[in-house]
Protein chains: 2
Amino acid sequence: MDSRFTNPAAPPWLPFESRRRARDEKREAVLRTAVQLFLEQGYHRVTLNEVAERLNITKPALYNYFRGKDEILFECWSMGAELVDSVIAEIDAGGGSGIVKLRKLVHAYAEVMAIDFGASIVRFDVRDLTNRNARIARAAKKRIDATFRAYITAGIADGSIKRCDAKLAAFAIAGSLNWIGHWYQRDGALSPGEIADEFTVRLTEGLAAKPAQGHTTTKTAPVARTATREARRKATGKKRGGASR
Amino acid sequence: MDSRFTNPAAPPWLPFESRRRARDEKREAVLRTAVQLFLEQGYHRVTLNEVAERLNITKPALYNYFRGKDEILFECWSMGAELVDSVIAEIDAGGGSGIVKLRKLVHAYAEVMAIDFGASIVRFDVRDLTNRNARIARAAKKRIDATFRAYITAGIADGSIKRCDAKLAAFAIAGSLNWIGHWYQRDGALSPGEIADEFTVRLTEGLAAKPAQGHTTTKTAPVARTATREARRKATGKKRGGASR
DNA sequence: GCGATATGTTACCCGTGGGTAATAAAAAGT
DNA sequence: ACTTTTTATTACCCACGGGTAACATATCGC
């Protein structure tokens, strides 16, 4: 079997092979490679030469797809943010009490942390981004935190969650989940599913008004990329933010 | 009142003032300044010139106290690790069931995360250290994690904590606490004490076998620097690790 | 007071790595 | 088949910042 299909980050530029794949595929291939390297070694220790080398191209070729290193970082980050956004959108679309929504969020968020792009949300340093992009990133993080808080507040209101400081409870839960992004590794003993299941009960058992009503088999559909990205992709190659940098 | 006494990181090199303070005081002043800058801007964005400037000296002067930037980083990290070590030592010295020890640890650890040196344990990237120091750092982190796990295991054994996966429970709790180091800020709405109190109940209420026996007023003495550092300080200026770098 | 040691300073080196021409070679359009 | 556009390459620039050498000046033991 061709390793290009088994290796998640295999580059479409295999030497001496047809290079006629679509631009977007290549762009994403860059991001997949970059996010791996960034997580592995840390943004500052990864050189663009290194990224390019893994893709069987050279550094300047990257500039056909991105305006600079920091934009690659931001796009990786963005991919992760979209994962979370789609998760939240789906939960909001569905119904349920506060505690049910919270449990869904905890479960799905835990799984996102086990994905490279997902982990990048919490492991990348927003200070490495341009001012403009940093603001976007911070706003997104704030929205995510607000969602945790909203579900808890809703749960207290509808009686499914017992009285507590929603702000601190959200911090505690989100912190615990974010930390997964720092210790999880694919080849570890725990699968993303196991981690998500365990964290779902562990992080909410103290909050539930009732001792926990049987197993929460209300699984969210496996995280998938949405189409929201499509639109923005077309804007590539245009000017970068004004007051940034 | 002289700002030197109110500002926590005021340098002892005030211009045109007597510079005859002890070497160790200056060394620590460097660390206090460095840790602040590192947390504020991130290790890679802080230049040694900048550190020196804040201390009213010049870059090469720093090399009288440290062998290089990474050693400064490690020593900052080390200060934090000692805070945790002393906390654990104190708890181990005292008695109590598993849940009591765990609560003490959670409370004290939360407070450590609100201290610059404490936050540095979780916010600095071990990959910025030399191989030798990175090993030391990783080992220390492992010991801390093992302590959380040990208290939980002990609690399950003595019946004060209900059955659960000790490994994942420890990850959940430690993650939540570590995350404090990422969001806490001195000028925020929450005081370290409030955070510690809230986290102590929030993170252990789900684990306790009994619904929580009144307020846990078993406060650990405020975190203080131990004397263990004294010995090592004397070794300064000697050769650095062999296979490192 | 006087040499030895500790602690600074100024001036410099140089490796690193992001970013940019200038240019070649495919792909695509017509 | 030809031009045009896209995509990649080779060769280079240069700012930045960690680290060092050579030198100046306190401080201290005696």
Worksheet item: When you go through (1) under 28 Å from A:Arg149 (Cβ atoms); (2) of a type in the set (Val, Ile, Thr); (3) not assigned by TED's automatic domain parsing to the domain that holds A:Asp128 one by one for A:Ile88, which number turns out not to apply?
Response: (3)
Discussion item. Please count how many residues of the range B:34-59 are within 14 Å of chain A (Cβ to nearest Cβ), away from DNA strand D (no atom under 12 Å from the Cβ) and in contact (Cβ under 8 Å) with a residue 24 or more places away in the chain.
Written reply: 1
Worksheet item: Is it true that B:Gly95 is away from chain A (no Cβ under 14 Å), more than 15 Å from DNA strand D (Cβ to nearest atom) and modelled with pLDDT under 95?
Response: yes
Worksheet item: Scanning for something within 19 Å of A:Trp179 (Cβ to Cβ), buried (at least 20 other Cβ atoms within 10 Å of the Cβ) and within 10 Å of chain A (Cβ to nearest Cβ), does the range B:182-196 turn up at least one residue?
Response: yes
Fill in: Residue list for the range B:102-136, restricted to those being closer than 20 Å to B:Ile195 by Cα, away from chain A (no Cβ under 14 Å) and either touching a residue at least 60 places away in the same chain (Cβ under 8 Å) or touching a Lys or Arg at 6+ places or on another chain (Cβ under 7 Å) (or both)
B:Lys104, B:Ala108, B:Glu111, B:Val112, B:Ile115, B:Asp116, B:Phe117, B:Gly118, B:Ser120
Practice prompt. Inspect all residues belonging to the range A:112-129 and state whether any of them is in contact with an Asp or Glu (Cβ under 9 Å, 6 or more places away or on another chain), within 16 Å of DNA strand C (Cβ to nearest atom) and at pLDDT 95 or above.
Written response: yes
Worksheet item: When the residues of the range A:148-158 are filtered to those that are within 25 Å of B:Ala170 (Cα to Cα) and of a type outside the set (Phe, Trp, Tyr), which remaining residue is nearest to the other protein chains (Cβ to nearest Cβ)?
Response: A:Ile152
Worksheet item: Only one of A:Lys26, A:Lys59, A:Lys69, A:Lys101 is buried (at least 17 other Cβ atoms within 10 Å of the Cβ) and farther than 30 Å from A:Leu177 by Cβ; which?
Response: A:Lys26
Worksheet item: What number goes with the only condition from (1) more than 12 Å from every other protein chain (Cβ to nearest Cβ); (2) out of contact with any strand residue (DSSP E or B) (no Cβ under 7 Å at 6 or more places or on another chain) that B:Ile161 does not pass?
Response: (2)
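For A:Ile99, indicate whether it is in contact (Cβ under 8 Å) with a residue 60 or more places away in the chain and farther than 26 Å from A:Lys69 by Cα.
Answer is yes for this residue.
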Fill in: Lone unmet requirement of (1) within 14 Å of another protein chain (Cβ to nearest Cβ); (2) within 14 Å of the chain's Cα centre (by Cα) for A:Leu168
(2)
Worksheet item: B:Cys164 is checked against (1) within 22 Å of A:Thr204 (Cβ to Cβ); (2) in a helix (DSSP H, G or I) and fails just one. What number does that condition carry?
Response: (2)
Practice prompt. Being assigned to a helix (DSSP H, G or I) and near DNA strand C (Cβ under 9 Å from one of its atoms) is the filter here, so list the residues in the range A:23-51 that pass it.
Written response: A:Tyr43, A:His44, A:Arg45, A:Leu48, A:Asn49, A:Glu50, A:Val51
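The values are calculated or read from the model by the stated rules, or taken from the named source; none is laboratory data. Only a predicted model underlies this, so the values are computations on that prediction, with no experimental measurement involved. Please note: Cβ atoms are built from the backbone with ideal geometry, for glycine as well, and neighbour counts cover all protein chains shown.
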